[in-house]
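Every number here is computed from the coordinates shown, using simple stated rules; none is lab data. Note that this is a predicted model, so its numbers are computed, not measured. With ideal geometry, Cβ positions are generated from the backbone for all residues, glycine too; neighbour counts draw on all protein chains shown.
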């Protein structure tokens, strides 16, 4: 007998319904990094979020309509970039640039930064140099930045437990961004809608 998973799909933001054009959709907020220019954002005709940054940093953040409580499921999205940052090193504060990041925020303020890295190993994780409430999880490397789409599936609640060594909290916001202000480079990337698959496995 074949097991069948009946998984409920939930779009976590309004990106898939947004009108194409420059800027962020309604309900999104720009999170700036002090002292540097933020990326420019654009909703493409394919309803992805295009991120373009030159020697800058920042994130687009969307607060969920209702907190997502810890439970079995998978956070899924697609992303792509054709601009690898080959001189970046995520463990070094002076070189921790990334062409694109997807992040999730929990109700205690802690964050997981799913990151497109450089030479780091896929699946490598560590606390961010910006503070112990942020954990970096490397999903792709510079060699993967060829402009093709990559599909990701993560269990953010399990990732939280491993990264912070405590029981997971509710997820309250998601977002995407990039940072190239350390090495003064340029990066362009796209991120699709973030979807929650209740009951699915990563």
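A few comments on the model shown:
- Simple label model, 7 Å out from Cα along Cβ direction - residue 55 to residue 93, nm: 2.3 nm
- Separation of the residue 162 and residue 141 label points, Cα + 7 Å toward Cβ, nm: 1.8 nm
- With Cα atoms as the point set, segment 97-202 shows a radius of gyration and Dmax of 13.7, 42 Å.
- Between residue 172 and residue 149, the distance separating the two model label sites (each 7 Å from Cα on the Cα→Cβ line) works out to 3.3 nm.
- Take the Cα of residue 14, go 7 Å toward its beta carbon, and the backbone nitrogen atoms of segment 46-88 under 19 Å from that spot belong to 46-50, 60-68.
- Segment 28-198: relative contact order as a whole-number percent, Cα under 8 Å and 6+ apart: 37 percent
- You can think of it this way: the chain between residue 119 and residue 186 has 22.3 nm of extra reach, that is 0.36 nm per residue less the Cα-Cα gap.
- Ratio of the Cα radius of gyration of the chain to 2.2 N^0.38 Å, where N counts its residues: 0.97
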